[in-house]
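Reading through the structure tokens given below for one structure.
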């Protein structure tokens with residue numbers, strides 16, 4: 001390859017030359033001035049047994065820009081970042097930092113070379129203060145003693161310069177999620193990072209916190225930092241990125257800018273076909289009350305009252321969406337409704353039966369399906385084959401068992417049916433569930449739950465962490481169930497998902513339902529404010 | 001063989017590869033040890049072979065010796081499949097043996113009733129003893145490792161006391177002046193057997209062990225209850241989600257495991273010793289952990305691992321005679337086998353066996369997690 005040519009020009013042309021949505025590659029900023037390239041990946045290839053995670057991936061990052069790396073799960077974003085950060089080593093290709101070849105053998109090397117990473121799951125020690133977390137691994141000492149004061153001064157300086165308010169001596173455990181994320185960013189800046197990798201940074205934030213983060217990102221780039229922003233949220237990409245690189249199946253399939261792209265064109269690039277971002281649905285025809293919750297109180301594992309006086313009703317043929325930032329009691333509410341957690345007070349009625357203290361099986365047998373929020377923890381046994389996972393709740397009933405003897409034939413047949421109905425991509429129903437991608441695992445769980453006779457569907461974060469194509473499919477299936485007369489309780493931290501599916505929206509904050517409205521009565525912003533406690 | 005047939009063959013039998021190579025490696029290291037200390041390793045191993053599997057007489061002795069290891073190995077493996085680390089096979093074996101002795105010394109019945117009754121009594125005794133640990137775990141979260149170990153001590157000392165006590169006379173034999181054993185059980189409860197030429201009597205216990213091996217395999221593979229216990233052990237959260245009562249599964253799994261160990265104890269009483277003495281077959285319950293580990297919890301594997309274990313112990317005597325070695329060499333080799341199984345990375349490195357899949361961890365390293 002001739003050096004000097006834009007590195008990504010080959011792939012889009014040879015693979016998708018006829019697709020009109022692919023714009024021309026540009027390495028020139030909007031003002032038309034060439035900025036120096038601080039990081040370049042050339043033809044990076046990384047293979048794992050059975051899969052090529054990165055296939056000749058090339059990209060360039062310029063000083064002072066936000067490069068959004070967009071792609072479905074398993075597209076190779078994380079692999080590429082882990083190579084940059086020294087966690088993996090590439091099989092072929094090279095990385096250049098400031099024009100010099102660079103091969104990180106460990107995160108330590110990467111940090112020393114000015115590459116910082118803010119992980120999706122924070123790497124902080126909760127019982128330590130901000131200062132201690134920032135200095136950890138990079139301690140300043142005076143005569144063998146830690147010098148916290150100097151570090152604190154440095155933190156405040158960074159904090160002022162980039163607009164990252166933080167209290168240096170506060171314990172990390174006492175900070176909210178947004179502040180913890182600021183500590184992570186400060187940690188990287190403290191180590192003089194010029195290149196910052198942000199791995200799905202908005203996944204855990206409220207809409208307002210996400211706006212703050214966008215402001216911080218702008219300040220950082222204005223001062224010459226270069227950012228790689230990994231996400232699968234299309235709206236944010238268009239809002240904050242200078243350039244967008246899309247990965248699919250380990251390859252760069254396109255590069256564009258927010259001015260030339262739309263959510264639809266980006267989604268199409270990610271998935272390789274056009275995607276319906278808006279779910280088509282008819283007006284709901286609510287029927288009888290299926291789920292009725294009165295003044296429910298539930299404690300969490302720490303004995304805190306995290307669901308405090310929740311009342312709600314869901315009717316047949318209607319979707320009630322519970323909006324809220326994670327950790328406001330939704331998890332415990334769902335556990336109480338499905339019999340996985342005892343409630344403290346109040347009552348739960350499903351289809352006229354009082355199930356306040358019923359066990360999960362009794363509730364399930366009433367025709368309640370549960371798509372759990374943590375699929376690998378609750379929804380499947382990853383080390384079991386799909387056949388056994390397909391009858392996780394039904395294994396004891398005919399035709400899957402005769403007396404105490406399981407009927408292998410019926411179990412295999414059922415799994416094959418689920419795989420066929422929901423287009424689960426798997427080589428066979430006999431493989432372990434762990435060998436499926438997250439999206440396919442989720443499709444399999446949804447298929448299993450939908451295969452039963454349903455009255456009530458409780459779907460908790462039904463599309464968390466899965467790809468756009470699977471999201472579209474699962475959304476359509478949920479609407480279909482609603483139209484068949486199933487009552488649906490949808491719990492999601494994604495406001496977009498709530499808005500796309502719900503007929504009614506209940507906003508949950510600190511264990512209370514702070515508002516229940518028809519979908520469309522409030523704007524996205526108003527709902528965001530309620531989710532952040534602005535309604536109290 | 002077509003390519004896919006080779007792959008299928010590999011997937012089916014490769015799990016056995018590491019244990020087999022671990023045994024081989026341990027024997028090689030053992031030979032080095034004997035050689036380096038001036039012993040004659042060839043004579044030693046020929047003696048070991050002839051004393052364990054080489055002659056009909058030795059083979060019968062090996063089978064008799066192996067039977068309790070196989071059944072107790074199942075007791076450990078069954079609990080392990082249900083996510084429990086049963087260190088208590090020893091105590092459960094004693095509980096079962098004592099119950100069998102009571103049935104054997106207090107009644108006279110036709111063998112067709114007496115023998116099954118003795119085995120059932122042993123199973124119930126072991127199950128009851130193990131259930132204590134199961135209930136404590138299910139109701140209070142007390143770790144079964146600690147409780148089964150403590151129950152072992154209690155069972156051992158209880159046995160001593162029951163046998164030795166003269167005032168009141170409990171299970172001791174009034175005719176026995178040393179006060180170290182129970183009376184013999186009735187003839188009607190002794191396991192029948194066959195004697196081939198000059199061999200010892202091969203009692204029915206091994207048949208029982210083989211039935212139990214395939215019974216346990218069938219239980220986990222084919223029954224709904226086996227599926228419940230397995231799921232409660234592998235992923236308790238998913239089990240709860242699927243409507244399974246995890247505490248109930250824990251208690252049942254411990255009871256089944258204890259029942260197996262109890263049968264092993266009853267089998268020893270009814271087939272070999274016809275009594276319980278203060279120096280009853282101690283240590284079997286502990287070695288059973290090693291047997292289950294060697295077989296990676298696979299019931300059919302336990303059949304072979306148990307035979308190997310019994311064979312090493314049986315052959316040790318002839319090895320001692322032939323090569324003038326201490327019988328402790330066998331204990332060293334057994335320990336080496338377990339080390340190579342536990343640190344299977346060494347074996348994989350030595351023989352260039354590809355990495356195992358994630359989640360396929362060695363049995364012990366997994367069991368200590370949090371319970």
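The values are calculated or read from the model by the stated rules, or taken from the named source; none is laboratory data. Bear in mind that the values here come from a model prediction, so they are computed numbers and not experimental data. All Cβ positions, glycine included, derive from the backbone under ideal geometry; neighbour counts span all protein chains shown.
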Counted residues, segment A:423-440 - those being without any contact (Cβ under 8 Å) to a residue 40 or more places away in the chain and either within 10 Å of another protein chain (Cβ to nearest Cβ) or more than 27 Å from residue A:75 (Cα to Cα) (or both): 1
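Looking at B:47, B:30, B:51, B:39, can you tell me which residue is crowded, with 24+ Cβ neighbours inside 10 Å, closer than 27 Å to residue B:283 by Cβ and touching a residue at least 24 places away in the same chain (Cβ under 8 Å)? First the steps, then the outcome.
Values: B:47 fails: crowded, with 24+ Cβ neighbours inside 10 Å; B:30 fails: crowded, with 24+ Cβ neighbours inside 10 Å; B:39 fails: crowded, with 24+ Cβ neighbours inside 10 Å.
Only one candidate qualifies: B:51.
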Within segment B:261-279, residues being in contact with a helix residue (DSSP H, G or I) (Cβ under 9 Å, 6 or more places away or on another chain), in contact (Cβ under 8 Å) with a residue 12 or more places away in the chain and surrounded by fewer than 24 Cβ atoms within 10 Å (Cβ to Cβ) number 6
If residue B:167 satisfies all but one of (1) more than 26 Å from residue B:203 (Cα to Cα); (2) surrounded by 16 or more Cβ atoms within 10 Å (Cβ to Cβ); (3) out of contact with any helix residue (DSSP H, G or I) (no Cβ under 8 Å at 6 or more places or on another chain), what's the number of the condition it fails? (2)
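Table: residues versus (1) in contact with a strand residue (DSSP E or B) (Cβ under 7 Å, 6 or more places away or on another chain); (2) modelled with pLDDT of 95 or more; (3) over 22 Å from residue B:25 (Cβ atoms); (4) surrounded by fewer than 22 Cβ atoms within 10 Å (Cβ to Cβ).
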{"position": "B:286", "(1), (2), (3), (4)": "no, no, yes, yes"}
{"position": "B:295", "(1), (2), (3), (4)": "no, no, no, no"}
{"position": "B:298", "(1), (2), (3), (4)": "no, no, no, yes"}
{"position": "B:306", "(1), (2), (3), (4)": "no, yes, no, no"}
{"position": "B:315", "(1), (2), (3), (4)": "no, no, no, no"}
{"position": "B:322", "(1), (2), (3), (4)": "no, no, yes, yes"}
{"position": "B:327", "(1), (2), (3), (4)": "no, no, no, yes"}
{"position": "B:331", "(1), (2), (3), (4)": "no, no, no, yes"}
Odd one out for residue B:163 among (1) within 14 Å of chain A (Cβ to nearest Cβ); (2) over 28 Å from residue B:304 (Cβ atoms); (3) over 23 Å from the mean Cα position of the chain (by Cα); (4) assigned to a helix (DSSP H, G or I): (1)
All but one of (1) over 30 Å from residue A:327 (Cα atoms); (2) at pLDDT 90 or above; (3) in a helix (DSSP H, G or I) hold for residue A:150; state the number of the condition that does not hold. (2)
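Considering A:415, A:420, A:410, which residue is free of Cβ contacts under 8 Å to residues at least 12 places away in the same chain, more than 14 Å from chain B (Cβ to nearest Cβ) and not in a loop (DSSP other than H, G, I, E, B)?
Details: A:415 fails: free of Cβ contacts under 8 Å to residues at least 12 places away in the same chain; A:410 fails: more than 14 Å from chain B (Cβ to nearest Cβ).
A:420 is the lone residue from the list that is free of Cβ contacts under 8 Å to residues at least 12 places away in the same chain, more than 14 Å from chain B (Cβ to nearest Cβ) and not in a loop (DSSP other than H, G, I, E, B).
Out of A:165, A:258, which single residue is under 19 Å from residue A:70 (Cβ atoms) and free of Cβ contacts under 8 Å to residues at least 24 places away in the same chain? Spell out how you get there, then give the answer.
Details: A:165 fails: under 19 Å from residue A:70 (Cβ atoms).
None of the other options fit; the residue is A:258.
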Could you name every one of the helices (runs of 4 or more DSSP H) located completely within segment A:185-299 that has at least 2 residues being touching a strand residue (DSSP E or B) at 6+ places or on another chain (Cβ under 9 Å), within 20 Å of residue A:464 (Cβ to Cβ) and modelled with pLDDT under 95? A:234-240, A:263-271
Within segment B:342-359, is even one residue at pLDDT below 90, in a helix (DSSP H, G or I) and crowded, with 19+ Cβ neighbours inside 10 Å? yes
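Test residue B:267 against the stated conditions and say whether it is assigned to a helix (DSSP H, G or I), under 24 Å from residue B:132 (Cβ atoms) and more than 14 Å from chain A (Cβ to nearest Cβ). Spell out how you get there, then give the answer.
Details: assigned to a helix (DSSP H, G or I): yes; under 24 Å from residue B:132 (Cβ atoms): yes; more than 14 Å from chain A (Cβ to nearest Cβ): yes.
Against the criterion (assigned to a helix (DSSP H, G or I), under 24 Å from residue B:132 (Cβ atoms) and more than 14 Å from chain A (Cβ to nearest Cβ)), residue B:267 qualifies.
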Please go through segment B:176-224 and give me each residue that is closer than 30 Å to residue B:244 by Cβ, over 22 Å from the mean Cα position of the chain (by Cα) and either at pLDDT below 90 or assigned to a helix (DSSP H, G or I) (or both), ordered by number. B:222, B:224
Hits in segment A:501-514 (condition: touching a helix residue (DSSP H, G or I) at 6+ places or on another chain (Cβ under 9 Å) and either surrounded by fewer than 20 Cβ atoms within 10 Å (Cβ to Cβ) or free of Cβ contacts under 8 Å to residues at least 12 places away in the same chain (or both)): A:514
Looking only at segment A:347-366, filter to residues that are touching a strand residue (DSSP E or B) at 6+ places or on another chain (Cβ under 8 Å) and assigned to a strand (DSSP E or B); which one of those is surrounded by the fewest Cβ atoms within 10 Å (Cβ to Cβ)? A:354
Result of the Cβ filter at 8 Å on segment A:352-368, keeping first residues that are within 8 Å of chain B (Cβ to nearest Cβ) and partners that are outside any loop (DSSP other than H, G, I, E, B), at least 6 apart or interchain, is A:360/B:240; A:360/B:241; A:364/A:370
Taking segment A:515-536, which residues are in contact with a helix residue (DSSP H, G or I) (Cβ under 9 Å, 6 or more places away or on another chain) and part of a strand (DSSP E or B)? A:515, A:517
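Pick out the one residue from A:376, A:330, A:335 that is more than 8 Å from chain B (Cβ to nearest Cβ), surrounded by fewer than 22 Cβ atoms within 10 Å (Cβ to Cβ) and on the phi < 0 side of the Ramachandran plot.
A:376
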Tell me, please, whether a residue that is more than 10 Å from chain B (Cβ to nearest Cβ), surrounded by 17 or more Cβ atoms within 10 Å (Cβ to Cβ) and under 30 Å from the mean Cα position of the chain (by Cα) can be found in segment A:388-399. yes
Filter segment B:225-245 down to the residues that are assigned to a helix (DSSP H, G or I), surrounded by fewer than 19 Cβ atoms within 10 Å (Cβ to Cβ) and free of Cβ contacts under 8 Å to residues at least 24 places away in the same chain and list them by number. B:237
